[in-house]
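Accompanying notes for the structure given below.
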Amino acid sequence: IAGITQAPTSQILAAGRRMTLRCTQDMRHNAMYWYRQDLGLGLRLIHYSNTAGTTGKGEVPDGYSVSRANTDDFPLTLASAVPSQTSVYFCASSEARATEQFFGPGTRLTVL
Amino acid sequence: AQRVTQPEKLLSVFKGAPVELKCNYSYSGSPELFWYVQYSRQRLQLLLRHISRESIKGFTADLNKGETSFHLKKPFAQEEDSAMYYCALSSGGYNKLIFGAGTRLAVHP
């Protein structure tokens, strides 16, 4: 059992390019989340999904979009990357409200 | 506004010394609080949740609603406790978490 996987592990991207970060979980969790981790700011929620077919905006959604076509996958897309989106991105999942969130290994993204 | 504050970016102690990582929160409802830990080259993982009132790896955390705090404590720090610690608040809805900025704990031999 892999838990949560993320791809790629790291990426350097030119500003203006489109990029999709992949996240897959095999725990059949209903809820999934995308966070960005920045030094001095901790983790901030970008988007979330309570269940397949639904998504919602987090604290810092601008410049990002997500989709949840099925239970397992929750890709995060940067339509036109900007340098301020340089960060480490974590995907997470959970079963239900107020239970443990399980995190992926992260994707380190650098936008030049 | 819902907020989690961890005032210390870095806490440096010697092995065997007591540790207290501070966490204060601002929340209008009944809070649900967590401590997550990220060891070097490992994933972020749950350490404690206030509902469980448990001790994990010697760490405890008590929710103090009067002081709006959820400080993490351990009486005798070990070198393997060195890590990044995040306090988090469950913000209603479906388990959306608000994280503090994190405190790096460094335990020296």
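Quick notes on this structure:
- Using the empirical formula 2.2 N^0.38 Å as the baseline, the Cα radius of gyration of chain A reaches a ratio of 0.99.
- Solvent exposure of the protein assembly as shown as accessible area per residue, Å², 1.4 Å probe: 48 Å²
- Cα gyration tensor of the protein assembly as shown - equivalent ellipsoid semi-axes, whole Å, descending: 30, 20, 16
- Radius 13 Å from Cβ of B:L105, net charge of other residues (Lys, Arg +1; Asp, Glu -1): +2
- Highest-fluctuation residue, B:F59, B:F99, B:F76 considered, GNM on chain B with Cα pairs under 10 Å: B:F76
- DSSP beta bridges fully contained in chain A are about 90 percent antiparallel.
- Cross-link pairs exceeding 19 Å between alpha carbons, from the set B:K57/B:K96; B:K9/B:K73; B:K74/B:K96; A:K57/B:K9; B:K15/B:K74; A:K57/B:K96: B:K57/B:K96; B:K74/B:K96; A:K57/B:K9.
- The stretch B:9-85 and the stretch A:36-98 have Cα centres lying 25 Å from one another.
- Heavy-atom accessible area buried between chains B and A is around 2000 Å² (1.4 Å probe, both sides summed).
- Considering chain B, its Cα convex hull presents a mean projected area of 6.7 nm².
- Furthest towards positive pole of dipole, B:S26, B:V107, A:F90, structure part the protein assembly as shown, Cβ charges: A:F90
- Mean separation of Cα contacts under 8 Å, 6 or more apart, over the residue count of the stretch B:1-86: relative contact order %: 35 percent
- The length gained by stretching the chain between B:E20 and B:I56 to full extension, at 0.36 nm per residue less their Cα-Cα distance, is 11.5 nm.
- Coarse-grained scattering of the stretch A:1-46 at q = 0.16, 0.18, 0.29, 0.30 Å⁻¹, given as base-10 log I(q)/I(0) from a Debye sum over alpha-carbon atoms: -0.62, -0.77, -1.17, -1.17
- Reduced Cα scattering model of the stretch A:52-97, Debye log10 I(q)/I(0), q = 0.23, 0.25 Å⁻¹: -1.00, -1.14
The values are calculated or read from the model by the stated rules, or taken from the named source; none is laboratory data. Since the structure is predicted, the reported quantities are computational estimates derived from the model, not experimental observations. Neighbour counts run over all protein chains shown; Cβ positions are idealised from the backbone, glycine included. The accessibility values were calculated without ligands, DNA or RNA, using every heavy atom of the protein model including side chains. Shrake-Rupley method; radii C 1.70, N 1.55, O 1.52, S 1.80 Å.
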